[in-house]
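To start, the structure under review is shown below, and the notes come after it.
The values are calculated or read from the model by the stated rules, or taken from the named source; none is laboratory data. Quick caveat: nothing in here was measured; it's all calculated off a predicted structure. Cβ placement follows ideal geometry from the backbone for every residue including glycine, while neighbour counts extend to all protein chains displayed.
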Amino acid sequence: MLDIDINALEQAIAAAKAVLKDGLVATDIWDRESGLSLAGHNSRPEAVALFNQLTYEISDTLSGSNFPALNRYYLLDVDGDNTIVVQRHGDDLMSGMLLDATRVNLGILVSVVMPRLTAAVAAAQHNDDQIAELEELANAGR
């Protein structure tokens, strides 16, 4: 079971929406193992499940083709002036955004929103190793 601060994930989505405004059509942050959304805006549960599977297929295809492995994210240019971005957040979480490409600046998305989302999701994850490390640092300062 994941130890995640759901409120922190919701705040991360609110921060992305504040920058992207009406350009953010929908977004979810989900658990990769279950394929279930943990937080979202105009959530699309079907899309979460399917993008979870698609990401696995892309990774498998790249591996089978002797291409470099999928790293942090991929972008899709889809009909209706829309863009989809899917981000991997370690081994446990993923996020996806459906964007109105006529209202979103790609530079702001890639240089500002995505790195901030990455940092916010990492902060929301309660990794036992990180907790032990923080406790060790706190005890060393006494």
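For region 93-113, the condition holds for no residue, the condition being that it is surrounded by 13 or more Cβ atoms within 10 Å (Cβ to Cβ) and modelled with pLDDT under 95. Filtering region 31-52 to residues that are without any contact (Cβ under 8 Å) to a residue 12 or more places away in the chain and either more than 19 Å from residue 4 (Cβ to Cβ) or assigned to a loop (DSSP other than H, G, I, E, B) (or both) leaves 34, 46, 50. Do we find a residue being closer than 15 Å to residue 117 by Cβ and in contact (Cβ under 8 Å) with a residue 40 or more places away in the chain anywhere in region 68-84? Looking for residues that are closer than 15 Å to residue 117 by Cβ and in contact (Cβ under 8 Å) with a residue 40 or more places away in the chain, one finds at least one in region 68-84, hence yes. Among the residues of region 64-114, those that are of a type in the set (A, V, I, L, M, F, W, C), touching a helix residue (DSSP H, G or I) at 6+ places or on another chain (Cβ under 9 Å) and either in a loop (DSSP other than H, G, I, E, B) or farther than 27 Å from residue 2 by Cβ (or both) comprise 67, 69, 70, 101, 104, 108. Failed condition for residue 66, given (1) surrounded by 11 or more Cβ atoms within 10 Å (Cβ to Cβ); (2) over 25 Å from residue 49 (Cβ atoms); (3) out of contact with any Phe, Trp or Tyr (no Cβ under 9 Å at 6 or more places or on another chain), with all others met? Condition (1) is where residue 66 drops out. Contact map, region 1-24: residues that are touching a residue at least 12 places away in the same chain (Cβ under 8 Å) and surrounded by fewer than 16 Cβ atoms within 10 Å (Cβ to Cβ) paired with residues that are small (Gly, Ala, Ser) and not in a helix (DSSP H, G or I), Cβ distance under 8 Å, separation 6+ or inter-chain. Pairs shown: 6/39.
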